[in-house]
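Structure first, then comments.
The values are calculated or read from the model by the stated rules, or taken from the named source; none is laboratory data. From a predicted model like this one, the values you see are computed outputs, not experimental measurements. Reconstructed Cβ throughout: ideal geometry from the backbone, glycine too, with neighbour counts over all protein chains shown.
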Amino acid sequence: MAHTMRVDVVSAEEEIFSGEAEFVALPGESGELGILPGHTPLITRIRPGAVRIKVTGQAEDEFVFVAGGILEVQPHVVTVLADTAIRGGDLDEAKAAEAKQLAEEALVNKESKIDYAQAQAELASAIAQLAAIQRLRQKR
């Protein structure tokens with residue numbers, strides 16, 4: 001069995017990561033997923049959160065925040081099709097905190113004409129972004 005697999009993380013806007021990796025961890029619909037080369041084929045939805053990629057020959061893991069999407073796993077290829085993806089180094093804590101506050105206010109304000117499900121999704125995404133920032137800080 002090979003010791004690496006190809007990993008591609010893409011969003012609607014751009015390709016975020018493409019390369020060889022030894023391990024990938026990400027938030028699956030039913031919980032945290034860890035994927036090694038040779039993993040059984042799988043397609044599942046992913047929740048907002050951090051994708052951690054152990055890149056071959058690199059000491060530091062790559063981190064990418066995804067705001068949900070689809071994961072496809074083949075024995076030698078892992079593809080993350082993200083709704084939105086942001087490189088770990090590009091995450092903005094102040095912007096995420098502001099988005100969280102705005103979503104919380106929208107949910108509390110019963111008079112506003114908001115899409116409740118959309119506000120909940122925005123809140124979940126902002127909370128997941130803040131958690132990803134915290135995890136990234138702990139690794140440094």
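Values for this structure:
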{"quantity": "Candidates ALA12, ALA59, ALA67, ALA50 - the one that is outside any strand (DSSP E or B) and touching a residue at least 60 places away in the same chain (Cβ under 8 Å)", "calculated": "ALA12"}
{"quantity": "Breaking point among (1) modelled with pLDDT under 85; (2) within 21 Å of VAL10 (Cβ to Cβ); (3) acidic (Asp, Glu), for GLU93", "calculated": "(2)"}
{"quantity": "Selection status of GLU32, at pLDDT below 95, acidic (Asp, Glu) and assigned to a loop (DSSP other than H, G, I, E, B)", "calculated": "no"}
{"quantity": "Qualifying positions in region 70-87 - in a strand (DSSP E or B) and farther than 24 Å from HIS3 by Cβ", "calculated": "ILE70, LEU81, ALA82, ALA85, ILE86, ARG87"}
